[in-house]
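> Shown below is the structure under consideration.
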Amino acid sequence: MGLTIPDNARILRNLLMGAQFQQDHLVHFYHLHALDWVDVVSALKADPKATATLADNVSDAPFGGVTYFKGVQNRLKTFVDSGQLGLLSNAYWGHPAYKMPPEANLMAAAHYLEALRMQAKSMRMHAIFGGKNPHLQTVIAGGITCVKDMLSPDRLAEFLYTWKEMQDFITKVYLPDVLAVASFYKDWAAIGGTANFHAWGEFPETANEPESLYMPRGVIFKRNLAGVKMAEESKVTEHIHHAWYKGSRFKHPYDGETNPVNPKRAGKRPYSWFKAPRYEGEPCEVGPLARCLVAYAKGHKDIKANTDYVLGKLGVDTSALFSTLGRTAARCIETVAIGARMESWFLELIGNIKKGNTATFTPYEMPDKARGVGLNDVPRGSLGHWINIEDKKIENYQLVVPSTWNLGPRDEKGKLGPVEEALIGTPIADPKRPLEVLRTVHSFDPCVACGVHVIDPDSNEVYKFKVR
Amino acid sequence: MENGLFDRLEQKGISRRDFMKFCGYITATLGLSAAYVPRVAEVFAAGKQRPAVIWLHMAECTGCSEALLRSMYPWIDELVLEILAIEYHETIMAAAGRQAEEQLEYALNKYKGKFICVVEGAIPTKDRGIYGRVGKHTMLELGKKVTKEALATITIGNCSSFGGVQAAKPNPTNAKSIDDALGIKSVKIAGCPPNPVNFVGTVVNYLLLGKLPATDSYGRPLFAYSKTVHDQCPRRSHYEAGEFVTQFGSEEAAKGWCLYEMGCKGPETYNNCPIVKFNDGTSWPVEAGHPCIGCSEPNFWDQMAPFYEQK
Ligand code: SF4
């Protein structure tokens with residue numbers, strides 16, 4: 001439609017998306033991934049004093065001390081003694097792949113609980129300019145609807161102070177925790193890597209895209225950072241050879257179709273509801289690691305500084321990034337950078353309002369016939385929308401979303417999807433309790449219940465796992 | 001109220017003031033008089049056995065679970081550690097795979113006839129439910145098996161309550177609401193996603209009065225869904241005065257005039273958004289300048305569209 005949204009709308013969208021990255025990544029690390037590394041049951045055996053000392057050494061958390069950790073431990077004990085283990089029931093507690101001492105486990109369990117509250121609080125940022133979270137509503141074609149809130153000083157202040165509290169948590173608790181946990185699992189810096197990386201990029205800082213994107217757009221093949229190149233929407237295809245759909249083998253999303261077939265009548269070949277997205281015919285990992293690698297390869301100041309800091313702290317080099325641990329670290333690295341950047345966007349917004357620039361919406365006419373593409377990077381990775389409009393109505397709409405890129409199946413050439421590739425060679429101590437598989441799958445932050453098939457080459461036992 | 005309660009709460013790091021504030025909030029949401037505040041407080045003072053919950057995920061986006069994670073009165077960690085025993089919840093439980101399935105069987109046995117089943121998401125029914133599976137079961141089988149043993153079923157969100165986006169045209173998997181797919185009657189916490197306050201309110205009602213709250217003919221609790229958004233909207237006086245926003249970003253929008261002309265479905269939508277608001281009472285869509293899309297009403301995707309025009 002040839003529409004340029006006002007600067008303020010762009011900034012407010014960036015602020016909402018920035019808050020989304022902060023919250024999503026925090027929840028991922030503490031609530032969807034940490035228990036793959038942290039044995040909560042072992043935390044019951046920890047000495048609160050030793051825990052307090054450890055916590056003081058590794059982090060600047062605004063909470064801590066012997067009484068605090070004693071309190072958390074008591075709370076966990078009461079919970080376990082109640083005999084109703086609820087969400088902690090029947091997990092892999094005591095598994096030999098857990099390597100952290102009880103003190104570190106207690107510290108992490110305490111921060112798990114703190115992070116639960118912090119993430120909930122932080123989403124007041126979304127309510128302020130989005131109306132509510134989840135499913136904020138104010139982002140519309142042409143701009144954003146929250147002009148009244150943007151012009152309310154108390155709303156702006158509320159946003160700023162909530163942001164500050166969240167960013168504090170990220171730098172003083174989340175980052176130190178990632179480093180602390182990683183220090184016990186350095187062997188995971190050589191497990192779970194993939195080869196190709198794709199990012200559409202996110203956070204336009206002017207009306208020019210992709211040039212002004214704070215997290216840049218790009219593609220990297222075969223781990224060759226020096227060869228990073230621009231990503232173009234025309235080079236994306238989706239393949240259905242091994243998926244439960246009918247139609248031609250692959251299509252560009254503009255022409256995409258989604259016609260499911262009954263899995264019972266589809267034969268043995270298809271094994272997934274995901275299509276297999278490809279860039280120039282190649283599978284690509286998307287998400288925090290892909291974004292950080294693209295940014296790093298392009299010499300991005302903040303991402304480079306943060307990445308080098310983390311690598312230095314762990315005493316590893318850039319090759320360690322191509323791994324399960326690298327993926328989990330990259331998520332934190334970009335959270336720190338994006339979170340910090342939000343302050344400058346906020347100040348730019350205030351500057352505009354001061355100058356009397358209060359525009360938030362550009363009016364438009366719905367065209368009779370049009371095509372359009374929207375390319376973004378959301379917390380889980382590259383997100384593309386392709387739309388055809390006929391008679392002022394949507395004629396076709398296709399999305400290629402992050403979890404499809406990462407979890408998609410093989411294509412007609414037999415090339416594996418990124419998660420499939422990452423799982424090859426994963427050491428598994430006990431095939432009946434495949435904790436190690438969870439680590440790698442969860443490190444991608446999958447957004448669906450997914451089916452994983454694992455074959456143990458030694459015993460030739462085939463196990464089927466549901467990873468959630 | 002006994003003092004021991006506050007000692008126990010303090011051990012959990014909850015101050016007396018915070019706690020009473022929260023109880024007042026929930027009591028007000030439920031529409032009970034202030035005299036109930038101490039009784040609500042007792043409910044949350046964690047008796048010996050916490051009520052067991054089995055939470056099922058059908059065809060959905062997990063937005064309702066995410067909404068629950070934003071619960072601040074009580075805090076989500078209190079809900080999962082001290083108030084409820086959430087025995088099965090695919091997103092946040094620590095167990096995975098076979099261990100998760102075992103846990104479901106275990107909980108079904110242990111709490112047979114005594115647990116609350118919460119369902120998020122619609123059920124695909126085409127080709128005997130083959131388009132939605134969890135582990136070995138279709139969602140259809142799973143839903144039947146679990147709700148049959150439940151004391152009561154609460155459907156959270158528009159998908160489980162009314163079919164939601166899954167059941168919107170063209171509905172390729174013939175997805176249906178839980179009631180329609182399974183032939184049961186559930187209490188419906190409608191919304192996309194709903195305010196977690198209304199879920200908590202329903203649970204409190206159950207713990208406090210020993211029964212689920214009174215509902216409207218669709219099964220939505222009256223304490224939350226008995227009035228239209230329009231009737232509770234702070235912009236109502238602008239509606240009466242004929243002061244309407246006709247373009248986003250306009251002077252009228254900055255003044256907070258009525259969004260009826262922008263397509264607001266507040267007049268047809270039953271919910272308490274304007275009163276309780278979302279995320280610690282921070283805001284709700286109309287306050288942030290966006291017309292209500294009617295997300296707590298049956299079939300709202302088809303019924304309420306187009307969202308930005310009055311029909
Ligand atoms: S904004 Fe919507 S709900 Fe509020 S008064 Fe206007 S029409 Fe009614």
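> Is chain B rounded, prolate or oblate when judged by the Cα gyration tensor, a ≥ b ≥ c being the square roots of its eigenvalues, rounded requiring a/c under 1.5 and prolate requiring a/b larger than b/c? Spell out each step's value before the answer.
Details: a/c = 2.16, a/b = 1.16, b/c = 1.86.
Oblate, since a/c reaches 1.5 and b/c is not below a/b.
> What dipole magnitude, in Debye to the nearest 20, does the protein assembly as shown give about its Cα centre under +1 on Lys/Arg Cβ and -1 on Asp/Glu Cβ?
Result for the protein assembly as shown is approximately 1420 debye, rounded to the nearest 20.
> Related question: Which whole-angstrom value gives the distance between the alpha carbon centres of the range B:106-145 and the range A:165-236?
Between the Cα centre of the range B:106-145 and that of the range A:165-236, the gap is 38 Å.
> While we're looking at this one, here's another question. Add -39500 (n - 2.57) for each DSSP H run of 4 or more in chain A, then divide by its residues: what number comes out at 222 nm, to the nearest 500 deg cm²/dmol?
For chain A, the value works out to -12500 deg cm²/dmol.
> For the pair B:E141/B:K21, report the inter-label distance in nm, with labels modelled 7 Å from Cα in the Cβ direction.
5.0
> To continue, here is another question. Please list, ordered by chain and number, the residues whose modelled amide H lies under 5 Å from the amide H of B:I86; skip anything fewer than 5 residues away on the same chain.
A:L87, B:V53
> Something else now. Counting only residues 5 or more places away or on other chains, whose amide H sits under 5 Å from the amide H of A:I191 once H atoms are built in the peptide plane?
Counting only residues 5 or more places away or on other chains, the set is A:T324, A:L325.
> Sticking with this one: In whole angstrom, how far apart do the alpha carbon centroids of the range B:179-232 and the range A:12-89 sit?
33
> Please pull out the direction-averaged projected area of the range A:274-409, using the convex hull of its alpha-carbon atoms, in nm² to one decimal place.
11.6
> Sequence gap at least 6, Cα distance under 8 Å: using those rules, report the relative contact order of chain B to the nearest whole percent.
Averaging sequence separation for qualifying contacts and normalising by length gives 15 percent for chain B.
> For A:K301 and A:Y364, what does the FRET efficiency come to when R0 = 30 Å and r is the distance between their Cβ atoms, rounded to the nearest 0.05?
E(calc), rounded to 0.05, equals 0.25.
> Mind giving me the FRET efficiency for B:A214 and A:K246? R0 is 35 Å, r the Cβ-Cβ distance, nearest 0.05 is fine.
0.10
> Ok, one more. Applying the Karplus parametrisation 6.51 cos²θ - 1.76 cosθ + 1.60 with θ = phi - 60° to the phi angles of the range B:199-208, what ³J(HN,Hα) value in whole Hz is obtained for each residue in order, glycine and proline being reported as x?
So the J values, rounded to whole Hz, are 5, 4, x, 5, 5, 4, 3, 5, 5, 7.
> At 0.36 nm per residue, and after removing the present C-alpha to C-alpha distance, how many nm does the segment from B:D127 to B:E149 gain when stretched out fully?
The span from B:D127 to B:E149 would gain 5.4 nm if fully extended.
> Find, to one decimal place in angstroms, the Kirkwood hydrodynamic radius of the range B:171-311, where the mean of 1/r is taken over every pair of different Cα atoms and then inverted.
It is 16.3 Å.
> Compute the relative contact order of the range B:208-311 as a whole-number percentage, counting only Cα pairs closer than 8 Å that sit 6 or more residues apart in sequence.
Worked out over the range B:208-311, it gives 26 percent.
> In addition: Let's test the formula: R0 of 45 Å, r as the Cβ-Cβ distance of A:N388 and A:E165. What FRET efficiency results, to the nearest 0.05? Let's see the in-between values first.
Values: r = 44 Å, r/R0 = 0.97.
So the FRET efficiency works out to roughly 0.55.
> Just report the Cα centroid separation between the range B:148-177 and the range B:75-103, whole Å.
Measuring centre to centre over Cα atoms gives 22 Å.
> In addition: Would you kindly state how much longer the chain becomes between A:K354 and A:K172 on full extension, computed as 0.36 nm times their sequence separation minus their alpha carbon distance, in nm to one decimal? Mind showing how you got there, number by number?
Values: separation 182, 0.36 × 182 = 65.52 nm, distance 3.27 nm.
Gain on stretching A:K354 to A:K172: 62.2 nm.
> On to the next question. Please give the average number of partner chain Cβ atoms lying within 10 Å of the Cβ of each residue in A:151-161, rounded to a whole number.
Partner Cβ neighbours, averaged per residue: 1.
> Write down Rg/Rh for the range B:82-237, rounded to two decimals, with Rg from the C-alpha atoms and Rh from the Kirkwood relation over Cα pairs.
Rg/Rh: 0.99.
> Given the Cα-Cα distance of A:E257 and A:L3 and 0.36 nm per residue of separation, how much length would full extension add, in nm?
88.7 nm
> Going down the list B:K114/B:K144; A:K268/B:K136; A:K70/B:K21; B:K112/B:K211; A:K268/B:K169, which pairs span over 22 Å between their C-alpha atoms?
A:K70/B:K21; A:K268/B:K169
> Still on this structure, please answer the following. Just add up the charged neighbours of B:F244: K/R +1, D/E -1, any other residue whose Cβ is under 14 Å from the Cβ of B:F244.
With Lys, Arg at +1 and Asp, Glu at -1, the neighbours total -3.
> Could I ask something else about it? Tell me the net charge near A:G381. Cut-off is 9 Å between Cβ atoms, A:G381 excluded, with +1 for each Lys or Arg and -1 for each Asp or Glu.
Taking every other residue near A:G381 into account, the sum is -1.
> List the extent of the Cα atoms of chain A along each of their three principal axes, largest first, rounded to whole Å.
Largest first, chain A extends 68, 62, 45 Å along its Cα principal axes.
> Still on this structure, I have one more. Summarise the partner chain shielding of B:66-73 as one whole number: the mean count of Cβ atoms from other chains within 10 Å of each residue's Cβ.
Per residue, the average neighbour count from other chains is 5.
> Where in the range B:97-131 are there trypsin sites (Lys or Arg not before Pro) that are in a DSSP coil and have at most 13 other Cβ atoms within 10 angstrom of their Cβ?
For trypsin sites (Lys or Arg not before Pro) across the range B:97-131 that sit outside H, G, I, E and B with at most 13 neighbouring Cβ atoms in 10 Å, the list reads B:K112, B:K114.
> Among A:Q23, A:L314, B:P298, whose Cα lies farthest out toward the positive end of the dipole of the protein assembly as shown, if unit charges sit on the beta carbon of Lys, Arg (+1) and Asp, Glu (-1)?
In the protein assembly as shown, that residue is B:P298.
> Helix check for chain A. Which DSSP H runs span at least 27 Å along their own axis by Cα, with a mean Kyte-Doolittle hydropathy no less than 0.0?
Helices meeting the span and hydropathy rule in chain A are A:324-354.
> Another question about this same structure. Using the Karplus curve 6.51 cos²θ - 1.76 cosθ + 1.60 with θ = phi - 60°, work out ³J(HN,Hα) for each residue of the range A:208-217 in order, rounded to whole Hz, and write x for Gly and Pro.
Working through the residues one at a time gives 8, 10, x, 4, 8, 5, 5, 9, x, 8 Hz.
> Using amide H atoms built in the peptide plane, which far-off residues or other-chain residues are under 5 Å from A:L213 H to H?
Under 5 Å from the amide H of A:L213: A:E205.
> Now for a separate question. Using the Cα centre of the range A:106-223 as the reference point, and only Cβ charges (+1 on K/R, -1 on D/E), how large is the resulting charge dipole? Debye, rounded to the nearest 20.
220
> Count neighbours as other Cβ atoms within 10 Å of each site's Cβ, and list the trypsin sites (Lys or Arg not before Pro) in the range A:231-292 that are DSSP loop with at most 15 such neighbours.
Loop-located and lightly packed - A:R249, A:K268.
> Under the definition of partner shielding as Cβ atoms of other protein chains within 10 Å of a residue Cβ, what is the mean value for peptide A:121-129? Don't skip to the answer; put the middle values down first.
Details: counts 5, 2, 9, 8, 2, 6, 12, 5, 3.
Other-chain Cβ atoms within 10 Å of each residue's Cβ, averaged: 6.
> Okay, which of the range B:137-164 sit inside 15 Å, backbone N to the point 7 Å along the Cα-Cβ direction of B:D180?
So the set is B:158-164.
Taken together, the values in this text are just the output of simple stated rules run on the coordinates, not laboratory data. Because the structure is predicted, anything quoted here is derived from the model rather than measured. Every residue, glycine as well, gets a Cβ built from its backbone with ideal geometry; the counts of neighbours run over all protein chains shown.
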